[in-house]
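Have a look at the structure below before the remarks.
The values are calculated or read from the model by the stated rules, or taken from the named source; none is laboratory data. This one's a predicted model, so the numbers in the text were calculated from it and none came from an experiment. Don't worry about glycine lacking a Cβ; one is built from the backbone with ideal geometry, like all the others, and counts go over all protein chains shown. For accessibility, only protein heavy atoms count, side chains too; no ligands or nucleic acids. Shrake-Rupley method; radii C 1.70, N 1.55, O 1.52, S 1.80 Å.
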Amino acid sequence: MAREDVMSAAEDAADQFLRVTKLYLPHIARLCLISTFLEDGIRMWFQWSEQRDYIQATWSCGYFLASGFVLINLIGQISGCVLVLSRNLVQYACFGLFGIIALQTVAYSILWDLKFLMRNLALGGGLLLLLAESRSEGKSMFAGVPSMGESSPKQYMQLGGRVLLVLMFMTLLHFDSSFFSILQNMVGTALIVLVAVGLKTKLAALTLVLWLLAVNVYFNAFWTVPAYKPMHDFLKYDFFQTTSVIGGLLLVVALGPGGVSMDEKKKEW
């Protein structure tokens, strides 16, 4: 009974948080979600020569193709972020950012690095949630006729987005025998399963947001490393990628898990 009381109190606290922040939480979520694209687009401008030379050396594609790659990344990411934040042509912006993720996955050989691949997929999950948020529900041509319970594409986008988002946490699990690592893995795994299946989703997603915030500030504190050191750029990239996943989770908190979830099915039981 005590455990149920604690869980009920935690859910009440999450609901209260949502009521207080419901007007601006979606805006914060979108800003967090696109932060890695915004940072990377700005990086392409300030590190134009380095990025071009890397692509040219890696793929032997010549000066003009390498420059075109950097230009596509710069324009594609900055323009996509502007469209998302201004709420204009958001679906087209999402598709463009999906393309950037795919392009970078191949160009930087992320496809063969499981950790970075899972984080890119998690980033794609955040975009899928953003796409679901921007997609208006189709109006029934039979007004007033009850629905047959079929799930809309938007709801499947929310399901796919939730499942992909939790891949970020798979990269944070530590496989050693210390008590703290075992406890962290057990709690983390339970939370990501809850988000993936859509059970007590808002509470689980909000808990993961707090966990990721703490991990991000502690492990990816790029501001403590001098800008001329390679580790500065690595930590900065990791910091903003993690921030984008936090944005995706905040969208889950703000919008709920969608129709394809245990929370929604419980209402029918």
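Which angle between 0 and 90 degrees, to the nearest 10, do you get for helix 230-255 versus the longest principal axis of the chain when only C-alpha atoms count?
Around 30 degrees separate the two axes.
For His232 and Leu199, FRET efficiency with R0 = 41 Å and r from the beta-carbon atoms, rounded to 0.05?
0.55
Stretched out fully, how many nm does the piece from Cys61 to His27 gain, at 0.36 nm a residue minus the Cα gap?
That works out to 8.2 nm of additional length.
From largest accessible area down, sort Asp40, Asp15; use a 1.4 Å probe on the protein chains.
Output order, biggest surface exposure first: Asp15, Asp40.
Taking Cα pairs under 8 Å and at least six residues apart, what relative contact order does the chain come out at, in percent?
25
Could you work out [θ]222 nm for the chain from helices alone, using -39500 (n - 2.57) per DSSP H run of at least four and dividing by all its residues? Round to the nearest 500 deg cm²/dmol.
The per-residue figure over the chain is -25500 deg cm²/dmol.
So, R0 is 35 Å and r is the distance between the beta-carbons of Asp53 and Lys115; what FRET efficiency does that work out to, to 0.05?
Calculated transfer efficiency: 0.90.
So if each residue of separation counts as 0.36 nm, and I subtract the Cα-Cα distance between Leu172 and Val187, what length gain in nm does that give?
My answer for the length gained is 4.2 nm.
Where the accessible area of the chain is counted over protein heavy atoms with a 1.4 Å probe, how much of it, in %, is carbon and sulfur?
Looking at the chain in its full context, I get 69 percent from C and S.
What ranking, highest mean first, results for peptides 33-39, 225-231, 207-213 when packing means the other Cβ atoms within 10 Å averaged over each residue?
Answer by packing, highest mean first, reads 33-39, 207-213, 225-231.
So how long is each side of the chain along the principal axes, counting just the alpha-carbon atoms, biggest first, in Å?
If we take the Cα atoms of the chain, the spans are 63, 57, 33 Å.
Heavy atoms only, probe 1.4 angstrom, no DNA, RNA or ligands counted: give me Arg135, Arg19, Arg30 ranked by accessible area, highest first.
Largest accessible area first, the residues go Arg19, Arg135, Arg30.
Would you mind checking the tilt of helix 25-46 against the longest principal axis of the Cα atoms of the chain, expressed as 0 to 90 degrees and rounded to 10?
Its long axis makes an angle of about 10 degrees.
What do you reckon, how do Trp112, Trp48, Trp223 stack up by accessible area (1.4 Å probe), largest on top?
These residues rank, largest area first, as Trp112, Trp223, Trp48.
Once you place label points 7 Å from the Cα toward the Cβ at Leu103 and Glu11, how far apart are they in nm?
Taking the two extended label points, one gets 4.5 nm.
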